[in-house]
Amino acid sequence: MKKITVCTLAALSLCACATGGSMTGSNAGDTAIQGGAIGAVGGYLGCKLLGQSDATCAKVAVATGAVGAAIGWKQGKEKDLEIARAFERKAAADKIPVQTETARVKHRDAGKEESAEAWKGSSIGLPQAMLARRDPRLQQTIELSGEMAATRNEATRILVSTSEADRAVVKSWLTTGINRGNAKAKKPEIEFVPLRKGKLAFVHVEPLDQAQFKA
């Protein structure tokens, strides 16, 4: 299977793609510059999740980056959800279980209230047989989950529940994906939680601000 490679700002001069950063605050689209960056990187990642070529996705990144310059809070939430659902479909095609959680959230700015169906988190099951043989499809999916966490419109964290023997390799896959994100933004937090006996190992990616879903 072809390995997905996403260009980063550091390698921009060597890549035929446009990419950018993402915000670390809890609200999407605070400035046009941030919106353009979100549009570009989100467009590229979404395009690759749909299986398109690097050249095609480079053009998509440029186009969505321009559109993203006018991105607002609601559009940012919608884009995050689109990426998460595309990620779920890609994983399903590789026989890897992913569950996307959503919730309705509200936002008030200058007296105007908006609401949106928002991405609350993605849970990725790690089938033991695939994990034991270090299956490339599982590796690619976990790398993409790290990349997804590092290119969201708000700060994220990653929860990992595996056996002690598998922690190092899963963390290395996540780190590879995270490093494809915005080098200037705060890196997603990685937290390890005990694996309960008889339960499937998993990786869970979610916005750091979970309180927004309780409002």
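Structure summary
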read-out: Per-residue HN-Hα couplings for the stretch 165-174 [Karplus 6.51, -1.76, 1.60; θ = phi - 60°; Hz; x = Gly/Pro]; value: 5, 9, 4, 4, 6, 5, 4, 5, 5, 4
read-out: Exceeding the 28 Å Cα-Cα cut-off - candidates LYS74/LYS186; LYS90/LYS199; LYS171/LYS199; LYS106/LYS197; LYS112/LYS187; LYS77/LYS197; value: LYS106/LYS197; LYS112/LYS187; LYS77/LYS197
read-out: Loop trypsin sites (Lys or Arg not before Pro), the stretch 111-165 (other Cβ atoms within 10 Å of the site Cβ: 14 or fewer; DSSP); value: ARG133, ARG134
read-out: Whichever aspartates and glutamates have a C-alpha closer than 15 Å to that of LYS95, once near sequence neighbours (fewer than 8 apart) are set aside; value: ASP135
read-out: The stretch 166-188 and the stretch 67-129: distance between their alpha carbon centers, rounded to Å; value: 19 Å
read-out: Burial ranking of peptide ranges 158-165, 72-79 (average Cβ count within 10 Å, highest at the top); value: 72-79, 158-165
read-out: FRET E, pair VAL169, GLN210, Förster distance 35 Å, beta-carbon r, rounded to 0.05; value: 0.80
read-out: Stokes-Einstein D (µm²/s) once Rh is taken as the Kirkwood radius of the stretch 132-185 over alpha-carbon pairs, at 4 °C in 1.567 mPa s; value: 112 µm²/s
read-out: Theoretical FRET efficiency, 1/(1+(r/R0)^6), r = Cβ-Cβ of GLN128 and GLU189, R0 30 Å, to 0.05; value: 0.70
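Throughout, read-outs are computed from the coordinates displayed, never taken from laboratory work. As the structure is a prediction and not an experimental result, all values here were calculated from the model. Counting neighbours? That spans all protein chains shown, and the Cβs are built from the backbone with ideal geometry, glycine included.
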